[in-house]
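The values are calculated or read from the model by the stated rules, or taken from the named source; none is laboratory data. The shown structure was predicted, so the numbers you read here are calculated from the model rather than taken from an experiment. Don't worry about glycine lacking a Cβ; one is built from the backbone with ideal geometry, like all the others, and counts go over all protein chains shown.
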Amino acid sequence: MTVYDPSDSVVTATLDEQPATRRAGAFRRLLRTPLGLASLVALAVVVLLGLLEPILSTHDPLFASLEHINAPVGTPGWPLGGDQYGRDIWARVLTSINVSLVSALIGAGVGISVGTVFGLIAGYVGKRTDAVASWVFNLLMTFPALVLVMVLYPVVGSAYQGMMLIFGVFLAPGIFRLVRNLVEGVRNELYVDAAKVSGLSNLRILSRHVFYVVRGPVIISAAFLSSAAIGVQAGLAFLGFGSTQTPSFGSMTSDAFQSIYTQPVQLVWPALFLAVLNGGLILLGNAYRDVLAGPQSTRTKKRSLHEATVVGSATPRTAPSRSAGGLLSVRNLRVQYPAPEGGMKTVVDGLSLDVQPGEIVGLVGESGSGKTQTAFSVLGLLPKEAHITADVMTLAGDSLLGKKPAALRALRGGTISYVPQEPMANLDPSFTIGSQLMEGLVKGMSRKEAKEAILALLDRVGIPDPERTFRSYPHQISGGMAQRVLIAGAVVSRPKLLIADEPTTALDVTVQAEILDLLRELQRELGMGVLLVTHNFGVVADLCDRVVVMKQGELVEEGSVRDIFHRPSRPYTRELVGAILDEQTVRSDRPADNASRKDDLR
Amino acid sequence: MVRMTRWVTAAVAMAAAASLAACAGGGSASTGTGDASSTLRLSIAAPPSNFSIGNWSGGDSTLAMSVYDSLIHREVDGSLNGGLAESWEYDESATNLTLHLREGVSFSNGEPLDAAAVVANVEVLRAGSSTAQNLASVSSVAAPDDSTVVIGLSEPDAAIVPLLSNTNGLIGAPSVLTAESSQLAPVGSGPYTLNEQKTVAGAKYVLDKNADFYDAADYPFETVEIQVIQDPTAVQNAMKAGQLDSAGLSSEDLIAQFPESEFTTGQNKPSTVGALWLVDREGTIVPALKDERVRRAINLAFDRTAIAEGLGSGYLNASEQIVSPTGGAWDDELNGAYDYDVDQAKQLLAEAGYADGFDVTMPSTVVSTKFESAIGQALADIGVTVTWESVPFQDFYSKVFGGSYGMFFMMNGLGGSDALDVNASLSGVFNPYLSTTPELESLLAAANLSQDEEAFAPVNEYLVDQAWFAPLFYITSLYVVSNDVEYTSPVVGNLTVQPWSPNN
Amino acid sequence: MTSFILRRLGSGLVLIVLVTAITFFLTFGAGIPVAQNILGPTASADQIATLNAQLGIDRPILEQYASWVLGVFRGDLGTSYFTSEPVAQALASRLPVTLSIVLVACVITLAVSVLLGVASAARGGWLDSLLQGIATISYVFPAIVLGIVMVYVFAIVLEWVPAIGFVPLQESFGGWFASIVLPAVLLSIGGVASLAAQIRGSMIDELNRDYVRSLRSRGLSERSILLKHALRNAASPGLTTFSLLFITMFGASLFVEKIFALPGFGTYGFTSTIQGDLPAMLGVSLFSVAMVVVVNLAVDLANGWLNPKVRVS
């Protein structure tokens, strides 16, 4: 962070470098992708041909020579031959390229201008303006093209430029929506407010901050809109809506179509160039989009529904027999991910821990310590890309090493279960609470029994009206209630081991205490072992029997709660304990959002 | 000429310009309308507008002429025979035409077809939007008795009898003559009736044979299916897939696509004339055209044989006359009147005071596209610079009548009689300024009076000599028929289904 | 709910009035000489005047518009200038053609896109490449070329289907299907490319969400998660894309109708525009806009059913 200078927004400094390098990087990266490079080159060639038309063209495109009717390719002076009227196909191709390019420029240009301008205004100003603008653009988007042509044709007639101008407006809604959403999102970001506070005018804010965010997607849309404009003009010309004096790929296709059986090769030329233009623009847009989205979208080509499984270490440091028994035993756990630059990144390195039946173990560390990754490896919920090895991983006497995904799945819910951090994000918004909770159960018992069990449990976890909650959708209940629901879901099949991942971090302070009490009670009632992942020592002090401290993927220290608190032996542990000031622990990690949780490589 | 009225949609449907007078093709046999061999499947390029008497406007008259009968029949070989009128004759002054009607004919709804019915029809035809102009010389019509009708003319008109053999002479049931229903559901006495259940207006028309028709033997097919297909390639596809029995071909190269084992191909009789219509003979827009030397020079500028060979080998034929080679007015020698001679053309232009040539703007339509370069080149070679102005077809007529152009390229359908063809060339869009000369008038009067086959030869000669127009070619369009049918190219095409018969 | 539907229909009505009025006045302003075009090159001024009167074209513009509007309320959409066929009748005979093609194309598109999109979201690898491949083919090869090849192979060489023409469903199911299957497939190629990619993207997003992990933690089968939960949530944006596709296909059917000589709605609209056949144009506009309104409404209602948060209760 730079020093705060009132004359210039703090944010500009950081924002400036980011997009700049991003953009330069993006373009260079684009050139490195085979698709991006190929399409850029192909498009460049075509554009160049069009620009060089005055030099390259062999005849006037409208000139027809009787002797050259259906002349074959390679006739001297007629490189691509003559069409059925005796006109020079090569000359017509060159002119048509320019017609297409002009169509693209006008159509996409108008579309982007209109869409961007209104999108910026609507997104930034919001409220009424936004509502009206959105309604209008929605209208434009769904306006049937046929009617549009019908309405315009009497007015615009055969001039394709006029037609494209107006069509451009109808291409704007996509851009409008894109820009508007982006702007709306950015508007709510802290730094824009900060900029406003520091006294910058609205216009300045818009132009500097917002534009950077919008630039990439708009460029992509430009490619798609250009392709659409070219397609529209070609289609209209094919149908005969254009002037007879304007050669274009559409009219060339239509002419060739008439002699399709006798001179099939004449269809090749307009088809080829349309393919290059159309395909090139779309593929370029796609390639650029992939590049902007980041390496992970292009990298993981092979997906799998199944999660990563744990395999036994190649070189175990611990003899398999030397396990402390008990509920959960983990020795020398290592979790690695392929790094974008190549090689492997290790997020958990040689971790060992035990959970005895009925024991609550706290797994503590800062963000990036690998505690969540550890928990998920035990659950078997890490993505396929993860490489997980361990010398020992035993759950209730059953070794998890080398188990197939199906076998692991059988354990989940029954033997081992999970309480997540963000309650609302962990409920399927499209299904009622009841149906979601029921799903895991009905295989073991009848529907009626399952429903009764869940209702009873909902009551047990402190939900005031279990029936109503059962029928409700997730968005109809509060965060605290959602967490209770999830806890209910986790314990309904009486698991032996419960893994709770920061179960109270996302809740209001008052609710936190209630949830913790609930967890404690349930643990006692059911005799579960609990692995509680948290960064909050207060929670640890409240609930845990033992503590395991992690830092940067490695085990730092472990021991009973008392020992850790009163006699921390490692300096890091001492630091952590000393950092507990009071009950008001401010969150130090970012609010979890969906994408970042999954890609948590910390 | 009534025939030309469907150019709008036909032309716009992008049929190759030269084969606009395509033979009809067919519908789909997969619907199983009875015995396949007794169904004739044809196609037309644009849907008909209006079945009611006097309002049929369409390049293809087959549908109308199948459900209605005409007073006079035009046979496949071009001769005129008795239809609803078994015989007819003019009086001395050639201003009264007496028709002797066939007896015992009634309409499909049971109404009798007698003189009163014919009179009622003629009155309607005289006022009909498509027919009034053609029958302008009819001044009266009367029925002295039940089977005789006398048509009175204001002046001799040789076109009247031929007109009564096409859509200008159709007779429909009097009770529904002006009813709205007859626009889509005609009531006639023709060789076929419209099967309203199977017909889909604008898409497919199904005709069932009328067993009571007096000449039923001439119409061997039990069913006729006519499909509307705009796109010429689709027509070809349908033909190849066996869904049509007959179709037009737009170029010679296509013949190879239809193997002899299954198809027969050939040339039709002349159907259309393509010409530069030098309409501004008063010199209002293009002063140069007032001088017949200029017009002759224009005629001399074209190597018609090269154009015909180059642009339409097999179906374009050089011509310097606007009448049909099958008629009496045609003179082979006149085809040498303006042999290609650029020098002489330039000389004539110089004599007329246009040594440096002149500029002219001509409309570019879907019909002219194919010929524009050849025409432009040829005229440029004698010093006339052409600027082509793109005109959507629906604006063409109004622009010509509005005085935008002094000359233009267009095609005109041949009607099977010199009187009709000459009349057509001297009216409507082909003569928007109604230019005429006293000599022409007297020649026309004499021709109309004479009953001779060659009555109009002098008129033709005059028109060629005065370079009234610059004709370029006539079209003998190409056809392909499936070997399941036999086809004889008619002198007047797109008239009835008589040219086809089952091949047994 | 009812008030929601009524409101939407109401605003749809406003839209229809707006669009048809614009069409009417613009076409009028273009001044196409309809009578002349019907009668052809040899028509005299008298004949033109007669026909104008017959068609009612010589009345003042507002009177014509008013009489059309009143006619609509009576269910009378006017009569085509060029074919004398009542517009309502013409639409009634042409809509089934285009609807057949478009609906079948939609079914194909939906089925293939969901299959491909879900499978490639779940598996990746060669399925991703397949999807890319289809998409690329659809941008690169114009429909015309593909259409020609298809007609040649299937109709002319193999004779499995007719090359042209439409067989109504009432007549024969087999015949009907054969006559529209090629055009429908042609239409659906582009649709599959975009919808499948969209579904794939949405599914991948959904599968990355937290609730999926929670569901897994309760031991749910992969199939249940994929097809019951993820797909359901991914369906909403897919539905919007699908509705746009439907509308686009309705317009694009014009091209396949041309290639296969099908007497459809698109061709009717196109021909009437070129000719300046105002009653037909108005009928087509009215119907197109009405259809868009209905489709949008249906999508919103479906979205409400899929997505409890936006339900209008």
Name the one entry in C:252, C:261, C:290, C:280 that is within 14 Å of chain B (Cβ to nearest Cβ), in contact with a Gly (Cβ under 9 Å, 6 or more places away or on another chain) and either modelled with pLDDT under 85 or over 30 Å from residue B:398 (Cα atoms) (or both).
C:261
Hey, among C:105, C:155, C:119, C:135, which residue is touching a Leu at 6+ places or on another chain (Cβ under 6 Å), assigned to a helix (DSSP H, G or I) and at pLDDT below 90?
C:119
Looking at (1) among the β-branched types (Val, Ile, Thr); (2) crowded, with 17+ Cβ neighbours inside 10 Å; (3) more than 19 Å from residue C:76 (Cβ to Cβ), can you tell me which one residue C:294 breaks?
(2)
Would you mention how many residues in the range B:418-436 are in contact with a Phe, Trp or Tyr (Cβ under 9 Å, 6 or more places away or on another chain) and over 26 Å from residue B:391 (Cβ atoms)?
3
Just checking, how many residues over the range C:148-180 are in contact (Cβ under 8 Å) with a residue 40 or more places away in the chain, surrounded by 22 or more Cβ atoms within 10 Å (Cβ to Cβ) and at the interface with chain B (Cβ under 10 Å from one of its Cβ atoms)?
6
Here's a check for you: in the range C:74-91, which residue that is of a type in the set (A, V, I, L, M, F, W, C) and more than 8 Å from every other protein chain (Cβ to nearest Cβ) is surrounded by the most Cβ atoms within 10 Å (Cβ to Cβ)?
C:87
Residues located in the range A:459-488, provided they are small (Gly, Ala, Ser) and either over 28 Å from the mean Cα position of the chain (by Cα) or outside any helix (DSSP H, G or I) (or both)
A:462, A:472, A:478, A:488
Sole residue being modelled with pLDDT under 90 and farther than 24 Å from residue A:510 by Cα, chosen from A:467, A:452
A:452
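One line per residue, one yes/no per condition, for (1) of a type in the set (A, V, I, L, M); (2) closer than 24 Å to residue B:432 by Cα; (3) outside any loop (DSSP other than H, G, I, E, B):
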site: B:261; (1), (2), (3): no, no, no
site: B:270; (1), (2), (3): no, no, no
site: B:281; (1), (2), (3): no, yes, no
site: B:289; (1), (2), (3): yes, yes, yes
site: B:321; (1), (2), (3): no, yes, no
site: B:325; (1), (2), (3): no, no, no
Of all residues in the range A:47-90 being small (Gly, Ala, Ser) and at the interface with chain B (Cβ under 10 Å from one of its Cβ atoms), the one that is farthest from residue B:381 (Cα to Cα)
A:86
Inside the range C:181-200, can you point out the residues that are more than 17 Å from residue C:101 (Cα to Cα), in contact (Cβ under 8 Å) with a residue 60 or more places away in the chain and surrounded by fewer than 23 Cβ atoms within 10 Å (Cβ to Cβ)?
C:197, C:198
Among residues belonging to the range B:41-77 that are in a strand (DSSP E or B) and within 18 Å of residue B:189 (Cα to Cα), point out the one that is farthest from the other protein chains (Cβ to nearest Cβ).
B:73
Subset of the range B:235-256 (residues that are out of contact with any strand residue (DSSP E or B) (no Cβ under 7 Å at 6 or more places or on another chain), hydrophobic (A, V, I, L, M, F, W, C) and within 10 Å of chain A (Cβ to nearest Cβ))
B:254, B:256
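One line per residue, one yes/no per condition, for (1) closer than 21 Å to residue B:90 by Cα; (2) free of Cβ contacts under 8 Å to residues at least 12 places away in the same chain; (3) part of a helix (DSSP H, G or I); (4) within 12 Å of chain C (Cβ to nearest Cβ):
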residue	(1), (2), (3), (4)
B:100	yes, no, no, no
B:125	yes, no, yes, no
B:130	no, no, no, yes
B:135	yes, no, no, yes
B:140	yes, no, no, no
Take the residues of the range A:335-351 that are hydrophobic (A, V, I, L, M, F, W, C) and loosely packed, with under 14 Cβ neighbours inside 10 Å: which is farthest from residue A:29 (Cα to Cα)?
A:344
Count - residues of the range C:293-313 that are facing another protein chain (nearest Cβ under 9 Å), in contact (Cβ under 8 Å) with a residue 60 or more places away in the chain and touching a Ser or Thr at 6+ places or on another chain (Cβ under 7 Å)
3
Tally time: how many residues in the range A:407-440 are under 25 Å from residue C:234 (Cα atoms) and either within 12 Å of another protein chain (Cβ to nearest Cβ) or assigned to a loop (DSSP other than H, G, I, E, B) (or both)?
23
Looking at the range A:140-183 only, could you name the residues that are among the aliphatic types (A, V, I, L, M), in contact (Cβ under 8 Å) with a residue 60 or more places away in the chain and closer than 18 Å to residue A:100 by Cα?
A:159, A:163, A:164, A:171
Just checking, how many residues over the range B:41-98 are crowded, with 22+ Cβ neighbours inside 10 Å and among the hydroxyl-bearing types (Ser, Thr, Tyr)?
9
Conditions (1) surrounded by fewer than 20 Cβ atoms within 10 Å (Cβ to Cβ); (2) in contact with a Ser or Thr (Cβ under 6 Å, 6 or more places away or on another chain) -> residue A:388 fails only (1)
Would you point out which residue out of C:123, C:94 is crowded, with 19+ Cβ neighbours inside 10 Å, farther than 30 Å from residue B:134 by Cα and within 10 Å of another protein chain (Cβ to nearest Cβ)?
C:94
Only residues in the range B:77-93 that are closer than 14 Å to residue B:148 by Cα and in contact (Cβ under 8 Å) with a residue 24 or more places away in the chain count as the first member; pair them with residues that are hydroxyl-bearing (Ser, Thr, Tyr) and assigned to a strand (DSSP E or B), Cβ under 8 angstrom, at least 6 apart or cross-chain, and list the lot.
B:83/B:70; B:84/B:70; B:88/B:98; B:90/B:98
So which residues in the range B:142-173 are in contact (Cβ under 8 Å) with a residue 60 or more places away in the chain, in contact with a strand residue (DSSP E or B) (Cβ under 7 Å, 6 or more places away or on another chain) and aliphatic (A, V, I, L, M)?
B:149, B:160, B:161, B:164, B:170, B:171
Return yes or no: is residue B:401 farther than 16 Å from residue A:87 by Cβ, more than 10 Å from chain A (Cβ to nearest Cβ) and not hydroxyl-bearing (Ser, Thr, Tyr)?
yes
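For residue B:191, state whether it is buried (at least 23 other Cβ atoms within 10 Å of the Cβ) and under 20 Å from residue B:81 (Cβ atoms). Working first, answer last.
Numbers: buried (at least 23 other Cβ atoms within 10 Å of the Cβ): yes; under 20 Å from residue B:81 (Cβ atoms): yes.
Yes.
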In the range A:129-138, which residues are without any contact (Cβ under 8 Å) to a residue 12 or more places away in the chain and either surrounded by 18 or more Cβ atoms within 10 Å (Cβ to Cβ) or among the small types (Gly, Ala, Ser) (or both)?
A:131
